Amino acid sequence: MQRFKDEIVIVTGAGSGLGRATAGRFASEGAAVACLDLAEDAVRETAEKIGAGGAKAAAYTTDVSDADSVGATVSAAAADLGRPTILINCAGIGKLAHSHEMPVDEWQRIIGVNLTGTFLMCQAAIRHMLDGGRGVIVNIASNAGLIGQPWSAAYCASKGGVVMLTKALADEYIKSGIRVNAVAPGGIETPLQGKFGVPEGANIKRLLKITSPWGNATPEQVAGCVAFVASPEASYMTGSIVSYDGGITL
Ligand code: NAP
(Lines give C-alpha, C1' and ligand atoms only; values in the text may rest on other atoms or scores of the structure.)
Protein backbone atom coordinates (compact mmCIF):
# COMPACT_ATOMS: atom_id res chain seq x y z
CA MET A 1 0.00 0.00 0.00
CA GLN A 2 1.23 3.50 -0.83
CA ARG A 3 -1.59 5.48 0.78
CA PHE A 4 0.70 8.37 1.74
CA LYS A 5 2.66 8.96 -1.45
CA ASP A 6 3.42 12.70 -1.79
CA GLU A 7 2.28 13.38 1.79
CA ILE A 8 4.52 15.26 4.23
CA VAL A 9 3.95 13.80 7.68
CA ILE A 10 5.10 15.22 11.01
CA VAL A 11 5.35 12.71 13.86
CA THR A 12 6.15 13.84 17.40
CA GLY A 13 7.67 11.48 19.94
CA ALA A 14 9.33 9.78 16.98
CA GLY A 15 12.41 8.75 18.95
CA SER A 16 10.67 5.91 20.76
CA GLY A 17 7.72 3.58 21.06
CA LEU A 18 4.56 4.45 19.18
CA GLY A 19 6.03 7.55 17.52
CA ARG A 20 8.94 5.59 16.08
CA ALA A 21 6.65 2.82 14.80
CA THR A 22 4.26 5.40 13.33
CA ALA A 23 7.04 7.28 11.54
CA GLY A 24 8.19 3.97 10.06
CA ARG A 25 4.67 3.01 9.02
CA PHE A 26 4.01 6.28 7.15
CA ALA A 27 7.43 6.09 5.47
CA SER A 28 6.73 2.51 4.36
CA GLU A 29 3.57 3.78 2.68
CA GLY A 30 5.32 6.48 0.67
CA ALA A 31 5.36 9.55 2.93
CA ALA A 32 8.25 11.90 3.63
CA VAL A 33 8.44 12.04 7.42
CA ALA A 34 9.59 14.79 9.77
CA CYS A 35 10.56 12.99 12.98
CA LEU A 36 10.39 15.16 16.11
CA ASP A 37 11.50 14.32 19.63
CA LEU A 38 13.18 15.78 22.67
CA ALA A 39 15.63 12.86 22.60
CA GLU A 40 18.19 13.96 20.00
CA ASP A 41 20.09 10.70 19.40
CA ALA A 42 16.95 8.58 19.40
CA VAL A 43 15.13 10.71 16.84
CA ARG A 44 18.19 10.85 14.59
CA GLU A 45 18.31 7.06 14.76
CA THR A 46 14.65 6.84 13.68
CA ALA A 47 15.22 9.12 10.68
CA GLU A 48 18.43 7.31 9.70
CA LYS A 49 16.68 3.94 9.84
CA ILE A 50 13.88 5.23 7.60
CA GLY A 51 16.42 6.77 5.23
CA ALA A 52 18.37 3.51 5.06
CA GLY A 53 15.14 1.82 3.94
CA GLY A 54 14.93 4.19 0.98
CA ALA A 55 12.28 6.63 2.24
CA LYS A 56 12.68 10.32 2.97
CA ALA A 57 12.96 11.41 6.61
CA ALA A 58 14.51 14.22 8.62
CA ALA A 59 15.09 14.49 12.37
CA TYR A 60 14.37 17.51 14.54
CA THR A 61 15.12 17.95 18.24
CA THR A 62 12.03 19.65 19.63
CA ASP A 63 10.30 20.29 22.91
CA VAL A 64 6.60 20.17 22.06
CA SER A 65 5.73 22.02 25.27
CA ASP A 66 7.70 25.08 24.12
CA ALA A 67 5.96 27.35 21.61
CA ASP A 68 9.23 28.74 20.16
CA SER A 69 10.71 25.27 19.71
CA VAL A 70 7.52 24.06 18.00
CA GLY A 71 7.28 27.09 15.71
CA ALA A 72 10.93 26.87 14.63
CA THR A 73 10.72 23.11 14.02
CA VAL A 74 7.52 23.12 11.99
CA SER A 75 8.89 25.96 9.83
CA ALA A 76 12.16 24.06 9.32
CA ALA A 77 10.33 20.84 8.42
CA ALA A 78 8.16 22.70 5.91
CA ALA A 79 11.25 24.27 4.34
CA ASP A 80 13.15 20.95 4.22
CA LEU A 81 10.42 18.52 3.15
CA GLY A 82 7.48 20.65 1.98
CA ARG A 83 4.19 21.86 3.42
CA PRO A 84 3.03 19.40 6.11
CA THR A 85 -0.23 17.65 5.23
CA ILE A 86 -0.47 15.16 8.12
CA LEU A 87 0.38 15.61 11.80
CA ILE A 88 0.57 12.76 14.29
CA ASN A 89 0.96 13.85 17.93
CA CYS A 90 2.58 10.95 19.80
CA ALA A 91 4.90 12.75 22.25
CA GLY A 92 3.76 12.07 25.76
CA ILE A 93 4.89 11.53 29.34
CA GLY A 94 3.32 10.22 32.52
CA LYS A 95 4.02 9.44 36.13
CA LEU A 96 1.82 7.92 38.81
CA ALA A 97 1.55 9.86 42.07
CA HIS A 98 -0.76 10.29 45.04
CA SER A 99 -2.59 13.46 44.05
CA HIS A 100 -2.46 14.94 47.55
CA GLU A 101 1.34 14.70 47.43
CA MET A 102 2.00 15.66 43.82
CA PRO A 103 4.20 18.75 43.35
CA VAL A 104 2.51 21.32 41.14
CA ASP A 105 5.48 21.43 38.75
CA GLU A 106 4.97 17.71 38.06
CA TRP A 107 1.31 18.41 37.22
CA GLN A 108 2.37 21.27 34.94
CA ARG A 109 5.03 19.17 33.21
CA ILE A 110 2.53 16.43 32.28
CA ILE A 111 -0.17 18.89 31.17
CA GLY A 112 2.52 20.92 29.37
CA VAL A 113 3.75 18.05 27.21
CA ASN A 114 0.58 16.00 26.70
CA LEU A 115 -2.04 18.72 26.33
CA THR A 116 -0.35 22.07 25.67
CA GLY A 117 2.24 20.34 23.47
CA THR A 118 -0.50 18.72 21.39
CA PHE A 119 -2.24 22.09 21.03
CA LEU A 120 0.97 23.90 20.03
CA MET A 121 1.77 21.30 17.38
CA CYS A 122 -1.78 21.44 16.00
CA GLN A 123 -1.67 25.23 15.90
CA ALA A 124 1.64 25.33 14.01
CA ALA A 125 0.62 22.61 11.54
CA ILE A 126 -2.87 24.00 10.91
CA ARG A 127 -1.33 27.29 9.72
CA HIS A 128 0.38 25.35 6.92
CA MET A 129 -2.64 23.11 6.26
CA LEU A 130 -4.91 26.12 5.81
CA ASP A 131 -2.54 27.43 3.14
CA GLY A 132 -2.82 24.15 1.27
CA GLY A 133 -6.56 23.75 1.85
CA ARG A 134 -6.32 20.28 3.37
CA GLY A 135 -4.79 18.38 6.25
CA VAL A 136 -5.18 15.50 8.67
CA ILE A 137 -4.33 15.42 12.36
CA VAL A 138 -4.30 12.34 14.59
CA ASN A 139 -3.75 13.00 18.29
CA ILE A 140 -2.76 10.17 20.58
CA ALA A 141 -5.06 10.19 23.60
CA SER A 142 -5.37 7.15 25.89
CA ASN A 143 -7.89 5.01 27.72
CA ALA A 144 -6.87 7.37 30.55
CA GLY A 145 -8.69 10.16 28.71
CA LEU A 146 -11.92 8.16 28.74
CA ILE A 147 -12.05 6.44 32.14
CA GLY A 148 -10.57 7.30 35.54
CA GLN A 149 -7.66 5.44 37.07
CA PRO A 150 -5.88 5.95 40.40
CA TRP A 151 -2.74 8.08 40.90
CA SER A 152 -3.16 9.53 37.42
CA ALA A 153 -4.90 12.89 37.91
CA ALA A 154 -2.50 14.80 35.67
CA TYR A 155 -2.23 12.07 33.04
CA CYS A 156 -6.01 11.48 32.91
CA ALA A 157 -6.69 15.24 32.83
CA SER A 158 -4.15 15.74 30.04
CA LYS A 159 -5.56 12.91 27.92
CA GLY A 160 -9.17 13.91 28.61
CA GLY A 161 -8.05 17.35 27.44
CA VAL A 162 -6.63 15.83 24.25
CA VAL A 163 -10.03 14.20 23.60
CA MET A 164 -11.88 17.51 23.82
CA LEU A 165 -9.10 19.45 22.03
CA THR A 166 -9.53 16.99 19.18
CA LYS A 167 -13.30 17.48 19.01
CA ALA A 168 -13.03 21.27 19.27
CA LEU A 169 -10.48 21.51 16.45
CA ALA A 170 -12.46 19.04 14.32
CA ASP A 171 -15.49 21.29 14.61
CA GLU A 172 -13.57 24.53 14.04
CA TYR A 173 -11.86 23.37 10.85
CA ILE A 174 -14.51 21.06 9.39
CA LYS A 175 -15.14 23.46 6.52
CA SER A 176 -11.42 24.04 5.88
CA GLY A 177 -10.56 20.56 4.63
CA ILE A 178 -8.82 19.55 7.84
CA ARG A 179 -9.81 16.33 9.63
CA VAL A 180 -8.90 15.99 13.31
CA ASN A 181 -9.28 12.66 15.12
CA ALA A 182 -7.72 10.87 18.06
CA VAL A 183 -6.63 7.31 18.70
CA ALA A 184 -7.00 6.26 22.33
CA PRO A 185 -4.73 3.26 22.97
CA GLY A 186 -4.72 1.02 26.02
CA GLY A 187 -1.46 -0.58 27.09
CA ILE A 188 1.32 -0.49 24.49
CA GLU A 189 4.61 -2.32 24.90
CA THR A 190 6.90 0.75 25.01
CA PRO A 191 9.48 2.30 27.38
CA LEU A 192 6.81 4.71 28.69
CA GLN A 193 5.17 2.04 30.82
CA GLY A 194 8.34 1.66 32.88
CA LYS A 195 8.48 5.41 33.50
CA PHE A 196 5.12 5.65 35.29
CA GLY A 197 6.41 4.06 38.52
CA VAL A 198 4.20 3.01 41.43
CA PRO A 199 3.59 5.44 44.29
CA GLU A 200 4.53 4.30 47.77
CA GLY A 201 1.88 2.18 49.45
CA ALA A 202 -0.19 1.84 46.27
CA ASN A 203 -2.07 -1.41 45.76
CA ILE A 204 -1.28 -2.11 42.12
CA LYS A 205 -4.25 -4.47 41.89
CA ARG A 206 -6.30 -1.30 41.43
CA LEU A 207 -4.69 -0.98 38.00
CA LEU A 208 -6.13 -4.31 36.85
CA LYS A 209 -9.04 -2.36 35.33
CA ILE A 210 -6.64 -1.01 32.68
CA THR A 211 -5.17 -4.42 31.88
CA SER A 212 -6.58 -6.19 28.84
CA PRO A 213 -6.88 -10.01 28.88
CA TRP A 214 -5.08 -9.74 25.53
CA GLY A 215 -2.02 -8.10 27.16
CA ASN A 216 -0.38 -5.04 25.63
CA ALA A 217 -0.57 -3.99 21.98
CA THR A 218 2.64 -3.65 20.02
CA PRO A 219 3.55 -0.14 18.81
CA GLU A 220 3.21 -1.47 15.25
CA GLN A 221 -0.41 -2.56 15.85
CA VAL A 222 -1.35 0.90 17.12
CA ALA A 223 0.57 2.57 14.28
CA GLY A 224 -1.58 0.58 11.85
CA CYS A 225 -4.72 2.06 13.42
CA VAL A 226 -3.23 5.57 13.31
CA ALA A 227 -2.37 5.12 9.62
CA PHE A 228 -5.93 4.03 8.86
CA VAL A 229 -7.40 7.08 10.61
CA ALA A 230 -5.03 9.35 8.65
CA SER A 231 -5.67 7.62 5.34
CA PRO A 232 -8.18 8.43 2.58
CA GLU A 233 -10.13 5.33 3.71
CA ALA A 234 -11.16 7.36 6.78
CA SER A 235 -12.02 10.47 4.75
CA TYR A 236 -15.51 10.76 6.34
CA MET A 237 -14.11 10.65 9.89
CA THR A 238 -13.53 13.79 11.91
CA GLY A 239 -13.87 14.41 15.63
CA SER A 240 -13.73 10.65 16.25
CA ILE A 241 -12.01 9.15 19.27
CA VAL A 242 -10.96 5.66 18.24
CA SER A 243 -10.35 3.28 21.15
CA TYR A 244 -7.63 0.73 20.43
CA ASP A 245 -7.36 -0.79 23.87
CA GLY A 246 -8.03 -4.52 24.03
CA GLY A 247 -11.48 -3.87 25.43
CA ILE A 248 -10.51 -2.08 28.65
CA THR A 249 -13.00 0.76 28.15
CA LEU A 250 -15.86 -1.59 27.22
P1 NAP B 1 7.64 6.53 24.71
O2 NAP B 1 8.18 5.26 24.18
O3 NAP B 1 8.15 7.05 26.01
O4 NAP B 1 7.79 7.65 23.58
C5 NAP B 1 7.43 8.98 23.82
C6 NAP B 1 8.48 9.88 23.21
O7 NAP B 1 8.07 11.26 23.42
C8 NAP B 1 9.85 9.72 23.88
O9 NAP B 1 10.88 9.63 22.92
C10 NAP B 1 9.96 10.99 24.70
O11 NAP B 1 11.28 11.40 24.94
C12 NAP B 1 9.24 11.97 23.80
N13 NAP B 1 8.94 13.21 24.52
C14 NAP B 1 8.70 13.37 25.84
N15 NAP B 1 8.55 14.67 26.11
C16 NAP B 1 8.68 15.34 24.96
C17 NAP B 1 8.65 16.72 24.62
N18 NAP B 1 8.43 17.67 25.55
N19 NAP B 1 8.83 17.08 23.32
C20 NAP B 1 9.07 16.12 22.39
N21 NAP B 1 9.13 14.81 22.65
C22 NAP B 1 8.94 14.43 23.93
O23 NAP B 1 6.05 6.43 24.89
P24 NAP B 1 4.91 5.74 23.99
O25 NAP B 1 4.32 4.67 24.80
O26 NAP B 1 5.39 5.49 22.62
O27 NAP B 1 3.84 6.93 24.00
C28 NAP B 1 3.35 7.53 22.81
C29 NAP B 1 2.00 8.12 23.12
O30 NAP B 1 1.08 7.06 23.43
C31 NAP B 1 1.98 9.04 24.35
O32 NAP B 1 1.17 10.15 24.09
C33 NAP B 1 1.36 8.18 25.43
O34 NAP B 1 0.72 8.95 26.41
C35 NAP B 1 0.38 7.38 24.60
N36 NAP B 1 -0.05 6.13 25.24
C37 NAP B 1 0.86 5.19 25.60
C38 NAP B 1 0.41 4.01 26.21
C39 NAP B 1 1.37 2.93 26.64
O40 NAP B 1 0.93 1.99 27.32
N41 NAP B 1 2.64 2.99 26.26
C42 NAP B 1 -0.95 3.82 26.42
C43 NAP B 1 -1.87 4.79 26.01
C44 NAP B 1 -1.40 5.96 25.43
P45 NAP B 1 11.95 10.97 26.35
O46 NAP B 1 12.21 9.50 26.24
O47 NAP B 1 13.16 11.82 26.40
O48 NAP B 1 10.93 11.29 27.42
Problem set entry | Every pair of residues 6+ apart whose Cβ atoms lie under 7 Å, when the first sits in the stretch 69-85 and is closer than 21 Å to residue 177 by Cβ while the second is surrounded by fewer than 16 Cβ atoms within 10 Å (Cβ to Cβ) | 83/131; 83/132; 85/132; 85/134
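A quick yes/no check of all residues on (1) polar (S, T, N, Q); (2) surrounded by fewer than 19 Cβ atoms within 10 Å (Cβ to Cβ):
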| residue | (1), (2) |
| --- | --- |
| 154 | no, no |
| 158 | yes, no |
| 172 | no, yes |
| 182 | no, no |
| 192 | no, yes |
| 199 | no, yes |
For this session: Working only within the stretch 171-196, note down all residues that are of a type in the set (Ser, Thr, Tyr) and near the ligand (Cβ under 7 Å from one of its atoms).
Result: 190
Problem set entry | Some residue of the stretch 14-23 being farther than 22 Å from residue 112 by Cβ, of a type in the set (A, V, I, L, M) and at pLDDT 95 or above | yes
Exercise. Of the residues 153, 223, 168, which single one is closer than 21 Å to residue 120 by Cα and either more than 11 Å from the ligand (Cβ to nearest atom) or not charged (D, E, K, R) (or both)?
Worked result: 168
Problem set entry | Neighbours by Cβ (under 9 Å, 6+ apart or cross-chain): first from the stretch 232-250, under 22 Å from residue 210 (Cβ atoms); second within 16 Å of the ligand (Cβ to nearest atom) and among the charged types (D, E, K, R) | 248/209
Problem set entry | Failed item, numbered, when residue 50 is tested on (1) of a type outside the set (Ser, Thr, Tyr); (2) within 25 Å of residue 123 (Cα to Cα); (3) crowded, with 24+ Cβ neighbours inside 10 Å | (2)
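Scan the stretch 196-206 and give yes if some residue there is outside any loop (DSSP other than H, G, I, E, B) and in contact with a helix residue (DSSP H, G or I) (Cβ under 6 Å, 6 or more places away or on another chain), otherwise no. Talk me through it step by step, then tell me what you get.
Going residue by residue through the stretch 196-206, those that are outside any loop (DSSP other than H, G, I, E, B) are 204-206.
Then drop every residue that is not in contact with a helix residue (DSSP H, G or I) (Cβ under 6 Å, 6 or more places away or on another chain), which leaves none.
No, every residue in the stretch 196-206 fails to be outside any loop (DSSP other than H, G, I, E, B) and in contact with a helix residue (DSSP H, G or I) (Cβ under 6 Å, 6 or more places away or on another chain).
Which residues, counting only those in the stretch 180-215, are touching a Pro at 6+ places or on another chain (Cβ under 8 Å) and β-branched (Val, Ile, Thr)?
188, 190, listed by residue number.
Pull up the stretch 205-230, narrow it to residues that are surrounded by 12 or more Cβ atoms within 10 Å (Cβ to Cβ) and more than 16 Å from the chain's Cα centre (by Cα), then point me to the one that is nearest to residue 159 (Cα to Cα).
Initial filter on the stretch 205-230 (surrounded by 12 or more Cβ atoms within 10 Å (Cβ to Cβ)): 207, 209-212, 214, 216-230.
Next, from what is left, pick out any that are more than 16 Å from the chain's Cα centre (by Cα): 207, 209-212, 214, 216.
Working: 207: 17, 209: 17, 210: 15, 211: 18, 212: 19, 214: 23, 216: 19 Å.
Going through the qualifying residues, I end up with 210.
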Seminar exercise, completed: Those residues of the stretch 11-39 which are under 17 Å from residue 63 (Cβ atoms) and near the ligand (Cβ under 9 Å from one of its atoms) amount to 12, 13, 14, 15, 16, 19, 36, 37, 38, 39
For this session: Mind telling me which of the residues 163, 222, 198, 183 ends up being of a type in the set (A, V, I, L, M, F, W, C), within 23 Å of residue 35 (Cβ to Cβ) and out of contact with any Cys (no Cβ under 6 Å at 6 or more places or on another chain)?
Result: 222
Exercise. What are the residue pairs meeting all of these: first residue in the stretch 192-210, first residue farther than 17 Å from residue 101 by Cβ, second residue more than 14 Å from the ligand (Cβ to nearest atom) and aliphatic (A, V, I, L, M), Cβ atoms under 9 Å, and 6 or more apart or on different chains?
Worked result: 204/198; 207/198
For this session: Read through the list (1) within 11 Å of the ligand (Cβ to nearest atom); (2) within 24 Å of residue 39 (Cβ to Cβ), then give the number of the only condition that residue 146 fails.
Result: (2)
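Picking from 117, 53, 94, which residue would you name as being in contact with a helix residue (DSSP H, G or I) (Cβ under 8 Å, 6 or more places away or on another chain) and either free of Cβ contacts under 8 Å to residues at least 24 places away in the same chain or more than 28 Å from residue 240 (Cβ to Cβ) (or both)? Give the derivation first.
Working: 117 fails: either free of Cβ contacts under 8 Å to residues at least 24 places away in the same chain or more than 28 Å from residue 240 (Cβ to Cβ) (or both); 94 fails: either free of Cβ contacts under 8 Å to residues at least 24 places away in the same chain or more than 28 Å from residue 240 (Cβ to Cβ) (or both).
So the residue among 117, 53, 94 that is in contact with a helix residue (DSSP H, G or I) (Cβ under 8 Å, 6 or more places away or on another chain) and either free of Cβ contacts under 8 Å to residues at least 24 places away in the same chain or more than 28 Å from residue 240 (Cβ to Cβ) (or both) is 53.
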For this session: Identify all residues within the stretch 58-84 that are more than 10 Å from the ligand (Cβ to nearest atom) and surrounded by 22 or more Cβ atoms within 10 Å (Cβ to Cβ); write none if there are none.
Result: 59, 74, 77, 84
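The values are calculated or read from the model by the stated rules, or taken from the named source; none is laboratory data. Everything numeric in this text was worked out from a predicted model, so none of it was measured. FYI the Cβ positions are ideal-geometry reconstructions off the backbone, even for glycines, and counts take in every protein chain you see.
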